[in-house]
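The values are calculated or read from the model by the stated rules, or taken from the named source; none is laboratory data. Keep in mind that this is a model prediction, so the values were computed, not measured. Here Cβ is always computed from backbone atoms with ideal geometry, including for glycine, and neighbour counts include all displayed protein chains. Heads up: the accessible areas ignore ligands, DNA and RNA and are worked out on the full protein's heavy atoms, side chains in. Shrake-Rupley method; radii C 1.70, N 1.55, O 1.52, S 1.80 Å.
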Amino acid sequence: MAVIGSGPAGFYTSYKVLSKIENGTVDMYEHLPVPYGLVRFGVAPDHPEVKNCEDKFQEVAESPNFNFIGNINIGPDPGSLPLKAIAPHYDAILFAYGASQDRKLGINGEDTVNGIYSARAFVGWYNGLPEYSDLAPDLTLGEEAVIIGQGNVALDVARILLSDVNSLKETDITEHAIDILSRSRVKSVRVVGRRGPMQAAFTIKEVRELLKLPDVAFRPIPPTQLPPDMSKLPRAPKRIMQVLAKGSEASLEDVPRSWSLDFQLSPTSFNPDQSNNLASLSFDKTSLGLEPFDPKARVTSTDEHAELPAEMAFRSIGYKSEAISGLLELGVPFDNRLGIIPNDQEGRVLSLEWENGVKQHVPGMYAAGWVKRGPTGVIASTMSDAFLTADRIAEDWHSQAPFNGGEEVKIGWEAVKVEAEKRGCRRVSWEDWKKIDAAEVARGKNSGKKREKFTSIKGMLSVLE
Ligand SMILES: Cc1cc2nc3c(=O)[nH]c(=O)nc-3n(C[C@H](O)[C@H](O)[C@H](O)COP(=O)(O)OP(=O)(O)OC[C@H]3O[C@@H](n4cnc5c(N)ncnc54)[C@H](O)[C@@H]3O)c2cc1C
C-alpha cells in the first residue's frame, strides 16, 4: 500500500493495516523531509503532551514492513512524483494528505491591507513550517489584535499572542518566533465569531487555559448573550457556559493584557489607515433568531453594524483540502465544495458514476483523516477514523475484493525509486529522519529547549550531507 501523507491519519491507518494483513507492506510518501504532519506543524508548542502520539508513529515506522519515503511530494511539479508514476506499483493507495490550504473570507482588504495573517500561516510560522519560515509577522504595529473565528486554532493563536514569552522558551517553538513574540506590543486580543456562545466551536480545555493565563484578564461576556438558566443545559455546554460566566481571576484594571470572546459579528471589511496598515474591522451584527441558545440556531445578518479597532488580524476560519494532480486519471474524484475525496464514510473512495443506484468503490483507493472527512477533529477522532479505513482495507483484502491494477505482484518503492531518481528526487528515509531529529534535539539543548527545529528544507537536508 502507498500512503500519501505522514500525519496521524497515515500512521494510524498503516498501524492497523500492518497488524491485520500478514506480509502487508506500507510505503509512506511525505512531501517534507520530516514526518508527523500537523502534530509537528499545527499542535501548539505549549501542548507537548499532545505530541506523545509520535511514540506510536515511531513504533510503526520501525516495522520491517514499513518504508518512510520523505521529501517526496506527490504531484506534477519538478522534483515531485506524479500520482500516475506510483499508482501502478501498489495494490492500494491511501490518501491521507490532510488539508494544506486555508479558507478565506472573501471580504474587502483581505489581500491588500498590511497586518492580516492567516492562522494557518501564523501557526506554521511559530511551529517552523518551511513554507512560512519568512512570514515574520509584525507584532509591533499596535496593541490590538482581532482573531476571526472561534475554534480551538483561534484560541491557540490567542494564547501564543498573550502568553509570557518566557513560558514558551523551553518548548519547541522556533527561535524566530521567540524573537518576534518578545518584541510584540499586543495587549488586547478579541476572538470574534458569527454565532453565539452556545454555538461556538472551541472546547472547554482551551478556554480554561486562556482564562488561567497569568496577568491576562478576560473581558466579561454581556450576560444577555449567555443562557439565563444554565442549570437546564446538558453537562458539557453547562460547564462551558459556567466557565465563561465566571471569567478570569485577573481583572482588567489590574493586568496589562486582556482578551475577549466577541459573539454575533460577521466581518465585512478590513479597513486600512493612510499607510495601508490595518486600522479597524467592520462587522455586520448577526441575529440568532428566536432560539439564540439552541446549539443549532442559525445566524442571519441584521442592519446593525459594528467596528473594532485593530492593527493586526488573524483569519482562523478553517483549513481546506484540495485535489492533488492526477486523481481523476485514477478514477478518484474530488469534492471541491466539501474539500474531501468522496468516500463511503468508512474510507473506501467512491467513483463519480452510479451503478444500480449506488456509487461504486474505486478498487484499491482509500482515504483517511482530514481529506476523508473534512478539516475538523482532533488526533483521537482522526485515529478512530483511520482505524475504520484500515478495517475496510483489511476486510476487502481478505474477501479478495478487486484492488488496484489486478492481481499481478507489485513491488512498490523498489520500482518507483527508478522513476524518482530520474526526476531528481532525494528520498529521506526513516534512518535519515532520525538523524535530523537528533540534530534538532542537540540544537535545542544549546538553548535549554526540547528541540530547535530546522525551518527550511535545506537546513533539514544539510544534516544528511
Ligand atoms: C493549528 C492546529 C492545532 C491542533 N492542535 C491539536 C491538539 O492540540 N490536539 C489534537 O488532538 N488535535 C489537534 N489538531 C488536530 C490534528 O492536528 C488533526 O486532527 C490531524 O493532524 C489530522 O491528521 P491528517 O493525517 O488527516 O492530516 P495532517 O496532520 O495534516 O497530515 C497530512 C500530511 O500529508 C502531507 N502531504 C500533503 N500533501 C502531500 C503530497 N502531495 N504528497 C506527500 N505528502 C503530502 C503533509 O505534509 C502532512 O505531513 C490541531 C490542528 C491544527 C490545524
Discussion item. Taking the conditions exactly as written (touching a Gly at 6+ places or on another chain (Cβ under 9 Å), more than 16 Å from the ligand (Cβ to nearest atom) and part of a loop (DSSP other than H, G, I, E, B)), does Arg337 satisfy them or not?
Written reply: no
Worksheet item: Just one of the numbered conditions (1) touching a Phe, Trp or Tyr at 6+ places or on another chain (Cβ under 8 Å); (2) farther than 24 Å from Gln225 by Cα is not true of Ala306; which one?
Response: (2)
Response to the item:
Matching residues in the range 48-75 (among the hydrophobic types (A, V, I, L, M, F, W, C), assigned to a helix (DSSP H, G or I) and more than 9 Å from the ligand (Cβ to nearest atom)) number 3
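Residue-wise test of (1) part of a loop (DSSP other than H, G, I, E, B); (2) within 29 Å of the chain's Cα centre (by Cα).
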position	(1), (2)
Trp259	no, yes
Pro267	no, yes
Ser275	yes, no
Glu291	yes, no
Arg298	yes, yes
Discussion item. Looking at the range 125-144 only, could you name the residues that are open to solvent by 10 Å² or more (accessible area, probe 1.4 Å) and hydroxyl-bearing (Ser, Thr, Tyr)?
Written reply: Tyr132, Ser133, Thr140
Worksheet, complete the sentence: Within the range 145-187, restricting to residues that are of a type in the set (Val, Ile, Thr) and closer than 18 Å to Ile116 by Cβ, the one that is surrounded by the most Cβ atoms within 10 Å (Cβ to Cβ) is Ile147
Worksheet entry | Output for the range 343-369, where each listed residue is part of a loop (DSSP other than H, G, I, E, B) and away from the ligand (no atom under 16 Å from the Cβ) | Asp344, Asn356, Gly357
Worksheet item: Which residue pairs have Cβ atoms under 6 Å apart, sit 6 or more places apart or on different chains, and have a first residue in the range 100-127 that is more than 14 Å from Leu161 (Cβ to Cβ) and a second that is of a type in the set (Val, Ile, Thr)?
Response: Arg103/Ile317; Ile107/Thr268
Worksheet item: Residues of the range 304-317 being open to solvent by 30 Å² or more (accessible area, probe 1.4 Å) and closer than 25 Å to His31 by Cβ, which ones?
Response: Ile317
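Residues are listed down the side, and each one gets a yes or a no for (1) in contact with a Ser or Thr (Cβ under 9 Å, 6 or more places away or on another chain); (2) within 18 Å of Ala386 (Cα to Cα); (3) open to solvent by less than 10 Å² (accessible area, probe 1.4 Å):
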| residue | (1), (2), (3) |
| --- | --- |
| Ser19 | no, yes, no |
| Glu22 | no, no, no |
| Thr25 | no, yes, no |
| Val39 | no, yes, yes |
| Gly42 | no, no, no |
| Pro45 | yes, no, yes |
| Cys53 | no, yes, no |
Worksheet item: So which residues in the range 81-104 are surrounded by fewer than 18 Cβ atoms within 10 Å (Cβ to Cβ) and closer than 30 Å to Ala313 by Cβ, if there are any at all?
Response: Gln101, Arg103, Lys104
Discussion item. On the basis of being over 16 Å from Arg426 (Cα atoms), more than 12 Å from the ligand (Cβ to nearest atom) and open to solvent by 10 Å² or more (accessible area, probe 1.4 Å), does Pro78 make the cut?
Written reply: no
Worksheet item: So how many residues does the range 25-42 have that are within 15 Å of the chain's Cα centre (by Cα) and either more than 8 Å from the ligand (Cβ to nearest atom) or in contact (Cβ under 8 Å) with a residue 40 or more places away in the chain (or both)?
Response: 7
Worksheet item: Is it the case that the range 230-246 has a residue that's touching a Phe, Trp or Tyr at 6+ places or on another chain (Cβ under 7 Å) and modelled with pLDDT of 95 or more?
Response: no
Worksheet entry | the range 377-388: number of residues that are hydroxyl-bearing (Ser, Thr, Tyr), touching a Phe, Trp or Tyr at 6+ places or on another chain (Cβ under 9 Å) and either more than 11 Å from the ligand (Cβ to nearest atom) or free of Cβ contacts under 8 Å to residues at least 40 places away in the same chain (or both) | 1
Fill in: Answer from Asp391, Asp385 - the residue that is out of contact with any Asp or Glu (no Cβ under 6 Å at 6 or more places or on another chain) and buried (at least 20 other Cβ atoms within 10 Å of the Cβ)
Asp385
Worksheet item: Quick check: anything in the range 197-215 over 25 Å from the mean Cα position of the chain (by Cα) and within 26 Å of Ala310 (Cα to Cα)?
Response: yes
Fill in: Conditions (1) in a helix (DSSP H, G or I); (2) open to solvent by 70 Å² or more (accessible area, probe 1.4 Å); number of the one not met by Pro237
(2)
Worksheet item: Limited to the range 1-24, what total is found for residues that are away from the ligand (no atom under 13 Å from the Cβ) and either in a helix (DSSP H, G or I) or in contact with a helix residue (DSSP H, G or I) (Cβ under 8 Å, 6 or more places away or on another chain) (or both)?
Response: 8
Item to complete: Would you point out which residue out of Lys458, Lys372, Lys434 is within 16 Å of the ligand (Cβ to nearest atom), at pLDDT 95 or above and among the charged types (D, E, K, R)?
Response: Lys372
Practice prompt. Note down all Cβ pairs under 6 Å where the first residue falls in the range 415-435 and is more than 11 Å from Ile86 (Cα to Cα), the second is polar (S, T, N, Q) and surrounded by 15 or more Cβ atoms within 10 Å (Cβ to Cβ), and they're at least six residues apart or on different chains.
Written response: Arg426/Asn71; Val428/Asn71
Response to the item:
Note on the range 188-234: residues open to solvent by 60 Å² or more (accessible area, probe 1.4 Å), within 19 Å of Thr376 (Cβ to Cβ), out of contact with any helix residue (DSSP H, G or I) (no Cβ under 9 Å at 6 or more places or on another chain) and not in a loop (DSSP other than H, G, I, E, B) are none
